[in-house]
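Novice: Dropping a structure here in structure tokens format, bear with me for questions.
FYI, it's all coordinate maths here, none of it is from the lab. Predicted, not measured: the structure shown is a model, and the values here were computed from it. Counting neighbours? That spans all protein chains shown, and the Cβs are built from the backbone with ideal geometry, glycine included.
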């Protein structure tokens, strides 16, 4: 049975944290596509002092309609203080 968007997002959040061992920062987005669901999550790659210097990464997680992860990929890095996304220089 197909799951709701909120169920898919929750599954992506739990599974990516378990797989990577990283702390979840926030859910950035979710979209239903032909291949399934794509959920974008921001994860804390590295804690720093002060917190504004934490390194955050955007991961795209692909799930089927039942909520099984088909794959994931890190698509960007940024410092928490940076408001624009994308790869760090």
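Novice: Please give, to one decimal in nm, the separation of the simple spin-label points placed at residue 33 and residue 75, each 7 Å out from Cα toward the Cβ.
Specialist: 0.7 nm
Novice: If you don't mind, another one. One-quarter of the Cα convex hull surface for segment 5-79, in nm²?
Specialist: 4.6 nm²
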